[in-house]
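The structure appears below as structure tokens.
The values are calculated or read from the model by the stated rules, or taken from the named source; none is laboratory data. None of these values were measured; they are calculated from a predicted model. As a convention, Cβ positions derive from the backbone with ideal geometry for all residues, glycine included, and neighbour counts pool all protein chains shown.
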Amino acid sequence: MTKYNSLFKQQVIEFYLQHDKNRLFTQRHFQLSKKTLTRWITQFNHNGINGLAVMGKKQKYSPEFKLTVIQAVKKGQF
């Protein structure tokens with residue numbers, strides 16, 4: 001589970017835009033870090049509202065699986 005869902009991010013960006021793009025005011029209103037708000041604004045500017053979508057977690061591989069893949073590559077199987 002992510003800390004902030006897409007709807008919340010959208011609300012923050014809408015607030016930011018409605019208040020003359022005042023980052024400090026938006027950060028304080030929603031109690032967000034500067035880094036978080038800046039990242040969301042950048043994502044919004046590059047990809048629109050879809051840039052705020054919550055992404056799934058990256059798949060994690062076990063050390064055993066990684067070793068098997070490395071050995072297969074060394075043997076030329078891939």
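See the values below:
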quantity: Filtered residue count, segment 1-16, keeping only those that are part of a helix (DSSP H, G or I) and either in contact with a Lys or Arg (Cβ under 7 Å, 6 or more places away or on another chain) or surrounded by 11 or more Cβ atoms within 10 Å (Cβ to Cβ) (or both); calculated: 10
quantity: Segment 37-78 - residue that is farther than 30 Å from GLU14 by Cβ and outside any helix (DSSP H, G or I) and, of those, modelled with the lowest pLDDT; calculated: PHE78
quantity: Residue in segment 17-55 that is surrounded by the most Cβ atoms within 10 Å (Cβ to Cβ), counting only those that are under 12 Å from SER6 (Cα atoms) and out of contact with any helix residue (DSSP H, G or I) (no Cβ under 7 Å at 6 or more places or on another chain); calculated: ASN50
quantity: Given (1) surrounded by 10 or more Cβ atoms within 10 Å (Cβ to Cβ); (2) of a type in the set (Gly, Ala, Ser); (3) at positive phi, number of the condition GLY76 does not satisfy; calculated: (1)
